[in-house]
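Enquirer: First the structure, which I've put down as structure tokens, then a few questions once you've had a look.
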Amino acid sequence: MNGSSSNMDDAVNVLYVDDEQTNLFSFKASFRKDFNVFTAETGAEGLEILQNEVIHIAISDQRMPEMSGIEFFQTAKKKYPDPIRILLTGYADINAVIDAINMGEVYRYLTKPWNAEEVKSVIRDGFDLFRLREENRILTERLIKANEQLEFLLRQNLIS
């Protein structure tokens, strides 16, 4: 998150996973001016990108041959829990979507064909959530450290 950036969205790294190359091209063309877009044709490629890049938002198509979007998220979440996950589906896969949301695998779902303004808005909202979680983690670490220091000082006072 580059603090010197004039546009906060410049810092948002978005991974889009879809087995259809035309969807990857159109997604990148639609959003590359607003976000840093990474694309993957398979869940395995997506996992590789997650391993090598700091990704804030992960978007995946649900219907893919080797690994569904939900399976991708379930696998990714174990090793890379931080990215905000958004499921994209063009099918009436509502039960899969409900299961994914209920199991905490996805933050939101979007339907195909997607609306560019809605996608931008959901990505921005997801990035806000990402930043809040990160700030919360940092504050929690500081609080734990402060408590440890207080306990140490208290023990020193009790000993002396």
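Enquirer: Give, rounded to the nearest 20 debye, the magnitude of the charge dipole that the chain has about its Cα centre when Lys and Arg contribute +1 at Cβ and Asp and Glu contribute -1 at Cβ.
Expert: So the magnitude is around 520 debye.
Enquirer: What shape does region 8-132 take by its C-alpha gyration tensor, where a ≥ b ≥ c are the square roots of the eigenvalues and a/c under 1.5 counts as rounded, a/b above b/c as prolate, and the rest as oblate?
Expert: rounded
Enquirer: Tell me which lysines have Cα within less than 29 Å of Lys78's Cα, excluding those fewer than 8 residues away on the same chain?
Expert: Within the straight-line limit of under 29 Å, Lys78 reaches these lysines: Lys28, Lys112, Lys120, Lys145.
Enquirer: Would you mind working out the magnitude of the charge dipole of region 80-160 relative to its Cα centre, with +1 at each Lys and Arg C-beta and -1 at each Asp and Glu C-beta, to the nearest 20 Debye?
Expert: Approximately 180 debye in magnitude.
Enquirer: Continuing with this model, one more query. Measuring from label point to label point, each 7 Å out along Cα→Cβ, what is the Arg133 to Leu154 span in nm?
Expert: Distance between the two pseudo-spin positions: 3.2 nm.
Enquirer: Could you order peptides 52-59, 150-157 by the average number of other Cβ atoms within 10 Å of their residues, highest first?
Expert: Packing proxy ranking, top to bottom: 52-59, 150-157.
Enquirer: What area, in nm² and to one decimal, does the C-alpha convex hull of region 85-160 cast on average over all directions?
Expert: Averaging across all directions leaves 6.6 nm² for the Cα convex hull.
Enquirer: For Lys33, list the aspartates and glutamates whose Cα falls under 12 Å from its own Cα; do not include residues on the same chain fewer than 8 positions away.
Expert: Correct list for Lys33: Asp9, Asp10.
Each reported figure results from applying straightforward, stated rules to the coordinates on display, with no laboratory input. These numbers were taken from a predicted model, which means no experiment stands behind them. Neighbour counts are summed over all protein chains in view; Cβ atoms, including those assigned to glycine, are modelled from backbone coordinates with ideal geometry.
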